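Presented below is the structure to which this report refers.
The values are calculated or read from the model by the stated rules, or taken from the named source; none is laboratory data. Here the structure is a predicted model, which is why all the values come from computation and not from measurement. All Cβ positions, glycine included, derive from the backbone under ideal geometry; neighbour counts span all protein chains shown.
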Amino acid sequence: MSGDGMSGATASARAALIDAIERDRDDIIALLSRFIAAPSPNPPGDTAAATAVLTDYLTQNSAPFRIVTANGLPNIVGAFDAPAAGPHLVLNGHIDVFPVPEDEAWTHPPFSGAVVDGAVWGRGATDMKAGTLASVITYVYLNRVKAELGGRLTLTAVSDEETGGKWGALYLLKELGNEVRGDAVLNGEPSNTMTLRFCEKGTLRLTFTIRAPGAHGAYPNKSENPNRIAGRLMQRLDALEDLVPDTPAPLAAALADPAVRAAVDAAMGDGTAAIADKVTVNVGVLRGGGKVNIIPSLCHMEVDIRLPIGIDRAAILAEIDTILSDFPQVTLTVQEAASNASSYSDPGHPLAKLIARSSAELGRPGVVAVPSLGATDCKHFRHFGVPSFIYGVPAGNMGRADERVSVEDVMHVVKTHALTAFDYLTGGAEP
Ligand SMILES: [Zn+2]
């Protein structure tokens with residue numbers, strides 16, 4: 001499994017790497033516990049304490065890094081060069097987490113970082129402090145054996161993902177250029193340890209504003225009703241879900257494979273495979289009127305459209321333009337900051353193959369490459385042309401009460417990332 005042509009020194013460094021991570025299991029889990037116990041909900045987005053947990057660890061372990069501040073938010077950027085030539089691998093994870101709503105009832109407080117019943121508990125355990133931990137551990141442990149590696153390893157741990165990445169990954173990609181673009185990205189967002197994610201749908205968020213004169217409710221002869229117009233418009237938008245994308249062949253093949261469909265449904269819920277290559281339309285906000293006997297003058301409707309690979313926003317907006325020709329009362333605005341194109345990396349990329357091989361070697365064979373529906377920072381890297389892959393812990397209870405991650409899953413993901421990075425940087429990708 002360790003690749004033909006690997007030297008004896010490299011092979012023993014590879015075995016020692018996994019042994020060292022297992023030997024340090026208690027320290028690694030304690031680090032994750034401290035990381036979770038340093039709250040970083042976004043909004044509001046104060047990640048200083050959680051960032052300090054990671055930078056303290058990097059400093060204690062003599063791993064090079066610097067802080068790149070964007071809009072007051074700290075992003076950790078570290079890199080080292082190996083003595084031999086080789087590819088540039090970028091590790092990416094985010095430090096911020098979902099907020100904790102007031103009404104959530106937790107078995108252990110959301111920022112306890114409690115290690116109980118074989119799991120680490122708290123907001124961000126799965127999304128994605130366990131994954132960011134995998135990036136940090138991989139970076140530190142590979143730095144120790146860099147004499148055996150080729151190329152460059154870069155760590156990016158960012159403070160803004162939950163609100164779009166403008167001050168996180170996107171900022172680094174724009175400001176630091178090739179320093180963080182690399183040849184490939186390994187990211188530990190939740191995936192479930194039996195799947196890796198190679199593409200994600202795009203997002204198009206729209207606001208429809210519907211106006212009419214308004215009138216007393218007893219006189220519909222005096223004004224159209226914006227709420228009723230919204231109802232008719234909503235029904236017409238359903239047709240967007242019938243648009244057929246130009247699905248890339250590897251993705252079409254994956255989605256035709258019953259094993260992949262089963263893995264997608266297992267990882268993300270029944271029925272997910274069926275919509276992975278479909279446009280979906282969600283009317284998330286509808287606000288109109290203030291009193292039952294008044295015809296309102298305004299209705300406000302917000303719609304979240306998810307774009308599969310192979311269909312772009314221009315096609316959707318053209319279709320909506322046609323629909324709106326029947327609705328002169330409606331104006332449309334695109335929520336640009338919350339809209340992103342879909343993104344895709346070839347599931348046959350060497351890094352994807354290595355993820356599956358590493359997981360199998362570490363005792364969990366049969367990892368399949370699946371499309372994902374939710375958005376991650378990988379989209380930003382892919383939009384800059386960098387193949388990006390996700391492998392992480394199961395998403396169970398992500399962003400809900402009692403979010404937690406099993407110690408065994410954490411250790412598996414940490415080791416899989418470390419082994420994958422080691423093999424990628426030692427040319428072990430090609431058997
Ligand atoms: Zn995330």
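Checking the stated criteria, ALA79 turns out to be buried (at least 17 other Cβ atoms within 10 Å of the Cβ) and either away from the ligand (no atom under 16 Å from the Cβ) or of a type in the set (S, T, N, Q) (or both).
When restricted to residues that are within 19 Å of ILE311 (Cα to Cα) and under 22 Å from the mean Cα position of the chain (by Cα), the range 226-280 contains 16. It is to be established whether one or more residues within the range 288-306 are surrounded by 17 or more Cβ atoms within 10 Å (Cβ to Cβ), outside the structural domain of THR376 (by TED's automatic domain parsing), assigned to a helix (DSSP H, G or I) and not polar (S, T, N, Q). No; the residues of the range 288-306 include none that is surrounded by 17 or more Cβ atoms within 10 Å (Cβ to Cβ), outside the structural domain of THR376 (by TED's automatic domain parsing), assigned to a helix (DSSP H, G or I) and not polar (S, T, N, Q). Residue check: ASP321 meets all listed conditions (1) farther than 24 Å from ASP377 by Cα; (2) under 21 Å from the mean Cα position of the chain (by Cα); (3) assigned to a helix (DSSP H, G or I) but one, namely (2).
With the condition being acidic (Asp, Glu), touching a Gly at 6+ places or on another chain (Cβ under 8 Å) and buried (at least 16 other Cβ atoms within 10 Å of the Cβ), I'd like the strands (runs of 3 or more DSSP E) fully within the range 156-256 carrying at least 3 qualifying residues.
Qualifying strands (runs of 3 or more DSSP E): none found.
Report yes if SER62 is among the hydroxyl-bearing types (Ser, Thr, Tyr), under 23 Å from THR156 (Cβ atoms) and surrounded by fewer than 20 Cβ atoms within 10 Å (Cβ to Cβ), otherwise no. For SER62, the condition - among the hydroxyl-bearing types (Ser, Thr, Tyr), under 23 Å from THR156 (Cβ atoms) and surrounded by fewer than 20 Cβ atoms within 10 Å (Cβ to Cβ) - is met. Selection of the range 1-58 for residues being of a type in the set (Gly, Ala, Ser) and farther than 26 Å from LEU354 by Cβ yields ALA30, SER33, ALA37, ALA38, SER40, GLY45, ALA48, ALA49, ALA50, ALA52. The residues of the range 170-201 that are among the β-branched types (Val, Ile, Thr), within 16 Å of the ligand (Cβ to nearest atom) and out of contact with any Asp or Glu (no Cβ under 9 Å at 6 or more places or on another chain) amount to a single one, THR195.
Out of ASP56, ASP46, which single residue is surrounded by fewer than 24 Cβ atoms within 10 Å (Cβ to Cβ), away from the ligand (no atom under 16 Å from the Cβ) and either assigned to a helix (DSSP H, G or I) or of a type in the set (Ser, Thr, Tyr) (or both)? First the steps, then the outcome.
Values: ASP46 fails: either assigned to a helix (DSSP H, G or I) or of a type in the set (Ser, Thr, Tyr) (or both).
So the residue among ASP56, ASP46 that is surrounded by fewer than 24 Cβ atoms within 10 Å (Cβ to Cβ), away from the ligand (no atom under 16 Å from the Cβ) and either assigned to a helix (DSSP H, G or I) or of a type in the set (Ser, Thr, Tyr) (or both) is ASP56.
Among the residues of the range 112-169, which ones are among the basic types (Lys, Arg) and either in contact with a His (Cβ under 7 Å, 6 or more places away or on another chain) or within 16 Å of the ligand (Cβ to nearest atom) (or both)? Can you show your working first?
Taking the range 112-169 first, the residues among the basic types (Lys, Arg) are 123, 129, 144, 146, 152, 166.
Selection gives ARG123, LYS129, ARG152, LYS166.
Applying a threshold of 8 Å to beta carbon distances and a minimum spacing of six or more residues, or different chains, the list of pairs starting in the range 354-368 at a residue that is free of Cβ contacts under 8 Å to residues at least 12 places away in the same chain and ending at one that is hydroxyl-bearing (Ser, Thr, Tyr) and assigned to a helix (DSSP H, G or I) reads PRO365/SER359.
When PRO226, PRO248 are screened for being outside the structural domain of PRO347 (by TED's automatic domain parsing), modelled with pLDDT under 95 and not acidic (Asp, Glu), only PRO248 passes. In the range 362-417, the residue that is nearest to the ligand (Cβ to nearest atom) out of those that are assigned to a strand (DSSP E or B), crowded, with 20+ Cβ neighbours inside 10 Å and modelled with pLDDT of 95 or more is ILE390.
How many residues, within the range 93-111, are within 11 Å of the ligand (Cβ to nearest atom) and not β-branched (Val, Ile, Thr)? Write out each step before concluding.
Taking the range 93-111 first, the residues within 11 Å of the ligand (Cβ to nearest atom) are 93-98.
Imposing the further condition that a residue be not β-branched (Val, Ile, Thr) reduces the set to 93-94, 96, 98.
Qualifying residue count for the region: 4.
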